[in-house]
Amino acid sequence: MKHKVGIIGCGGIAHQKHLPALSNAADRVEIVACCDIIAERAKEVAENFGAPGCKVFEDYRELLKEDLEIVYVLTPNVAHCPIAVAAFEAGKHVMCEKPMAANVEDAQRMMDAWKKSGKLFTIGYQNRYRSDSQTLKRLCEEGELGQVYYAQAHALRRRGVPTWGVFTDKSQQGGGPLIDIGTHSLDLTLWCMDNYEPATVTGVTFEKLGHSLQPNFQGNPMGAWDPATFEVEDAAFAFVTMKDGSLITIDASWLLNHTEERCAAAYLCGTQAGAELTGVGGENNEKLYLNKVMGNKQVKIDVNTAAGGVDLFPGKKVQPYDVECKVWLDAIEGKGELVVKPEQAFVVTKILDAVYESAQSGKQVVFD
C-alpha cells in the first residue's frame, strides 16, 4: 500500500527537488493533496503529479484534515514552524525544507511538537547524500582525519541572487544567503565533524551591493533584482567556537566581488589529515580532496567518488534528492535510520540565528 502524501507549498523547491523525487518513488507514494496560497500553483501540481482525485487547498489546516500520512513543508522559512507544528498535532510525519525555521524560537516549538507527536521529522539537507559528502563522512568516521579541530563552511556566490519567490524578503525568509545557502555548508561541516555543541558565535553581515547596484551593473545570471525591495544581507561571515575548543568559520554570499564560487562546500583540518569538499557550482564541481603526509612527503589526493554513483545506489547515477527520498521512506517503514536528524538541524538553526544576533548587536553570542 502506498504512503499518502500532502504537499504544502507548490513553488520552486517543490518542482526542483521534491516532486521529481516523489515521482521517481511512485511505486511507494502517492500525492493525494496539495496546498498553496496561490491556488493555481496547487492545481498545477495536483494535475501533473497528483494521484487521481488529488485535492487542492489554499489553507494548510484544511489539508491536514485529510487522510494522509506524510506532509511536505515546502514554504518560505517563516511558515515552517506553524505548519510543521500543526502537522505534528494532526499526527503526520513531516519532511520540512531547510532550514528548520527562520529563528531558534520557532525551531524549538517545532522540536517540542515533534517530540510529543511520536512521528518522524527530518529536514531537507540533500547535500549530505552527494557521493563526495558520503565518502568524506565515512573517512571522518574511520578516523582518517583524526580529530577535526578547524573547519571552513563555504557558501560563496559572486553574483547569485535568487530573483523568484520571496528570497529577498526578510519578513518571509528571516535573512539572505546565510540562511538560504550557508545553512547547507554549515550542516555538512557539523555533520562530518560530528560536533553539535557550539560555545560562542561572532557574526558580521554586509549590505553593500544589493541596495545600490543599478540593473545594468548587476550581472546576475538569475536576472535583475530590485534594490528597493532587497531587504536581506549580501554576505555574512561568522566565527564559531565549539565547546571542545574546535573552530568553524562560515562565509556565505549572494553578492561578493570574489572570483570563486563555492556552495555547499567545506574544508576540514584534523590532526591526521585534511579534506576539502569543493561543493556545487563553479569549475571544480563536487570534488573531494584529501591532504596528508605520506612517506615524509606532503600529498594531495583526488578522491574520485563519481565512478560508483551516489551512495546507497552503487553503479547507478541518481540525484541526491532521490537518495534523500529513499532514506526518508525507508525510515517511515522501519527499514533504516534517518540521516538528517531533527536534533542536528536544530543546532544549525541555533548557530545561524546567533550569527544574525551577533551581527545586529555587535557582540559575541555565548551559549549556556
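The values are calculated or read from the model by the stated rules, or taken from the named source; none is laboratory data. Predicted model only: the values in this text are computed from it and were never measured. Neighbour counts are summed over all protein chains in view; Cβ atoms, including those assigned to glycine, are modelled from backbone coordinates with ideal geometry. Protein only, heavy atoms only, side chains kept; ligands, DNA and RNA dropped before computing areas. Shrake-Rupley method; radii C 1.70, N 1.55, O 1.52, S 1.80 Å.
Here are some notes:
- Only listed residue being touching a Cys at 6+ places or on another chain (Cβ under 9 Å) and not in a loop (DSSP other than H, G, I, E, B), chosen from S185, S171: S185
- Out of Y150, Y125, sole residue that is touching a residue at least 40 places away in the same chain (Cβ under 8 Å), touching a Leu at 6+ places or on another chain (Cβ under 6 Å) and aromatic (F, W, Y): Y150
- Every residue from the stretch 16-49 that is over 24 Å from A331 (Cβ atoms) and open to solvent by 20 Å² or more (accessible area, probe 1.4 Å): I37, I38, A39, E40, R41, K43, E44, E47, N48
- As for the stretch 40-56, it holds no residue that is part of a helix (DSSP H, G or I) and in contact with a Gly (Cβ under 6 Å, 6 or more places away or on another chain).
- Applying the criterion of at least 3 residues that are closer than 25 Å to G279 by Cβ and open to solvent by 10 Å² or more (accessible area, probe 1.4 Å) to the strands (runs of 3 or more DSSP E) found wholly in the stretch 70-155 leaves an empty list.
- Residue in the stretch 226-235 that is crowded, with 16+ Cβ neighbours inside 10 Å and in a strand (DSSP E or B) present: yes
- Scanning the stretch 238-261 for residues that are among the small types (G, A, S) and more than 21 Å from the chain's Cα centre (by Cα) yields G245, S246.
- Within the stretch 86-117, tally of residues that are over 22 Å from E62 (Cα atoms) and out of contact with any His (no Cβ under 9 Å at 6 or more places or on another chain): 7
- Complete set of residues in the stretch 188-207 that are among the hydroxyl-bearing types (S, T, Y) and either at pLDDT below 95 or not in a strand (DSSP E or B) (or both): T189, Y196
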